[in-house]
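Chemist: After the structure tokens below, expect a handful of questions from me.
The values are calculated or read from the model by the stated rules, or taken from the named source; none is laboratory data. As the structure is a prediction and not an experimental result, all values here were calculated from the model. Positions of Cβ are backbone-derived with ideal geometry, glycine not excepted, and every protein chain shown enters the neighbour counts.
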Amino acid sequence: MEGIIVNLSGGNSNPDCPPDLNPDSHPRLHSGPRLDVSGKRVLVTGGASGIGAAVAAFFVEAGAVVCASDLNAPVVAPAWTMLRGDVSSEADVERMSAEAIACMGGIDVLVNNAGVLEPGARTDRQALAVWQRTLDINLTGTWLMSRAVGAHMLARGGGAIVNIASIYGLGGGPGIGAYTASKAGVVMLTRSLACEWAQKGIRVNGVAPAIIRTPPLDAMTREGRLDVTSLERRTPMGRLGYPVEVAQAVAFLASDWASYVTGVTLPVDGGWTAFGADGDASRG
């Protein structure tokens, strides 16, 4: 029995896109009504690289207007407006939000992607500074951005917020206590904001990616610091995800196709969270 993949952009210009998502290989992807995000004004945090850059690129290709923020400059000049700032700084958040509103004429969609995963350490050896920095960026940053942009959305009558959580916010892991706590907080913040703003026309959802193939991950693999094969075995689909696959989920939740969806955190994990046993999940 064949599966169906929905492609938003109608193209495969993203080099991080896996071959089986190439619409040229799947003619049926071109048929039927398209999920439309054209004309939406989108602000993406952490948009200089990785998942954030893939989300920004995906929205641009789908016809949206995009601003992205980051502390770091992008390696390659992007096709969207970049803003510099720190999501854990209240002053920076207020400034970036105002700049994005001025640049695009408003914000219809906020994607809270900025985050950090510090090198792992057991809790009894973890520095307080690492704990605090992780929560400041991953959780407080999401709250600050949601507060600032949410106020704008309330004034204009609605919008959509998509928070990037993690499968490690749905289940724990050794040596990453600060990260799991911060991402679990993002999951619960997503639910709380969804309840608070549902009748105001603002939908708030989350995406929980598994380990995604980004340049830092590929570098760790080449250096022998990460065993990708074991991760692939733990994944029922037998492979890791690509940034564009996270972007597709984000775009769906931001679109009118998800008009009756709020408060949900969607795992984008190849079945990782569905597989509750030890061993090789990819064997079926």
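Chemist: For Val186, state whether it is within 30 Å of Arg41 (Cα to Cα), in a helix (DSSP H, G or I) and touching a residue at least 24 places away in the same chain (Cβ under 8 Å).
Modeler: So Val186 passes the test.
Chemist: Is there a residue being more than 24 Å from Leu128 (Cα to Cα) and of a type in the set (D, E, K, R) anywhere in segment 177-186?
Modeler: No; the residues of segment 177-186 include none that is more than 24 Å from Leu128 (Cα to Cα) and of a type in the set (D, E, K, R).
Chemist: Taking into account only those residues within segment 141-155 that are in contact (Cβ under 8 Å) with a residue 40 or more places away in the chain and of a type in the set (Gly, Ala, Ser), which is nearest to Gly201 (Cα to Cα)?
Modeler: Gly150
Residues checked against (1) at pLDDT 95 or above; (2) of a type in the set (Gly, Ala, Ser):
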{"position": "Ala77", "(1), (2)": "no, yes"}
{"position": "Leu83", "(1), (2)": "yes, no"}
{"position": "Val87", "(1), (2)": "yes, no"}
{"position": "Val93", "(1), (2)": "yes, no"}
{"position": "Met96", "(1), (2)": "yes, no"}
{"position": "Glu118", "(1), (2)": "no, no"}
{"position": "Gln132", "(1), (2)": "yes, no"}
{"position": "Leu135", "(1), (2)": "yes, no"}
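Chemist: Among the strands (runs of 3 or more DSSP E) confined wholly to segment 24-135, which include 2 or more residues that are touching a helix residue (DSSP H, G or I) at 6+ places or on another chain (Cβ under 7 Å) and over 21 Å from Ala165 (Cβ atoms)?
Modeler: In segment 24-135, the matching strands (runs of 3 or more DSSP E) lie at 65-70, 81-84.
Chemist: Are any residues in segment 145-178 at pLDDT 95 or above, closer than 16 Å to Glu118 by Cα and aliphatic (A, V, I, L, M), and if so, which ones?
Modeler: Ala165, Ala178
Chemist: Looking at Met153 and the list (1) in a helix (DSSP H, G or I); (2) crowded, with 16+ Cβ neighbours inside 10 Å; (3) out of contact with any strand residue (DSSP E or B) (no Cβ under 9 Å at 6 or more places or on another chain), which single condition is not satisfied?
Modeler: Only one criterion in (1) in a helix (DSSP H, G or I); (2) crowded, with 16+ Cβ neighbours inside 10 Å; (3) out of contact with any strand residue (DSSP E or B) (no Cβ under 9 Å at 6 or more places or on another chain) is unmet by Met153, namely (3).
Chemist: Mind checking whether some residue in segment 156-179 is surrounded by 23 or more Cβ atoms within 10 Å (Cβ to Cβ), basic (Lys, Arg) and in contact (Cβ under 8 Å) with a residue 12 or more places away in the chain?
Modeler: Within segment 156-179, none of the residues are surrounded by 23 or more Cβ atoms within 10 Å (Cβ to Cβ), basic (Lys, Arg) and in contact (Cβ under 8 Å) with a residue 12 or more places away in the chain.
Chemist: Consider Ala62 carefully, then state whether it is modelled with pLDDT of 85 or more, more than 26 Å from Arg147 (Cβ to Cβ), buried (at least 17 other Cβ atoms within 10 Å of the Cβ) and among the small types (Gly, Ala, Ser).
Modeler: Considered against the rule, which asks whether it is modelled with pLDDT of 85 or more, more than 26 Å from Arg147 (Cβ to Cβ), buried (at least 17 other Cβ atoms within 10 Å of the Cβ) and among the small types (Gly, Ala, Ser), Ala62 comes out as yes.
Chemist: Could you tell me whether segment 195-206 includes any residue that is assigned to a helix (DSSP H, G or I), surrounded by 19 or more Cβ atoms within 10 Å (Cβ to Cβ) and β-branched (Val, Ile, Thr)?
Modeler: Checked segment 195-206: no residue is assigned to a helix (DSSP H, G or I), surrounded by 19 or more Cβ atoms within 10 Å (Cβ to Cβ) and β-branched (Val, Ile, Thr).
Chemist: Exactly one condition in (1) touching a strand residue (DSSP E or B) at 6+ places or on another chain (Cβ under 7 Å); (2) of a type outside the set (Lys, Arg); (3) farther than 21 Å from Ala114 by Cβ is false for Ile202; which is it?
Modeler: For Ile202, the failing item is (3).
Chemist: Follow-up. Mind listing whichever residues of segment 229-284 are farther than 30 Å from Asp108 by Cα, in contact (Cβ under 8 Å) with a residue 60 or more places away in the chain and charged (D, E, K, R)?
Modeler: Arg239
Chemist: Here is a follow-up. Taking only segment 207-236 into account, find how many residues are among the hydrophobic types (A, V, I, L, M, F, W, C), in contact with a helix residue (DSSP H, G or I) (Cβ under 7 Å, 6 or more places away or on another chain) and not in a strand (DSSP E or B). Break it down stepwise before answering.
Modeler: Here is the first cut: in segment 207-236, the residues among the hydrophobic types (A, V, I, L, M, F, W, C) are 207-208, 210-212, 217, 219-220, 226, 228, 231.
Right, trim to in contact with a helix residue (DSSP H, G or I) (Cβ under 7 Å, 6 or more places away or on another chain) and you get 207-208, 210-212, 226, 228.
The next check asks that each one be not in a strand (DSSP E or B); those that pass are 210-211, 226, 228.
Selection size over segment 207-236: 4.
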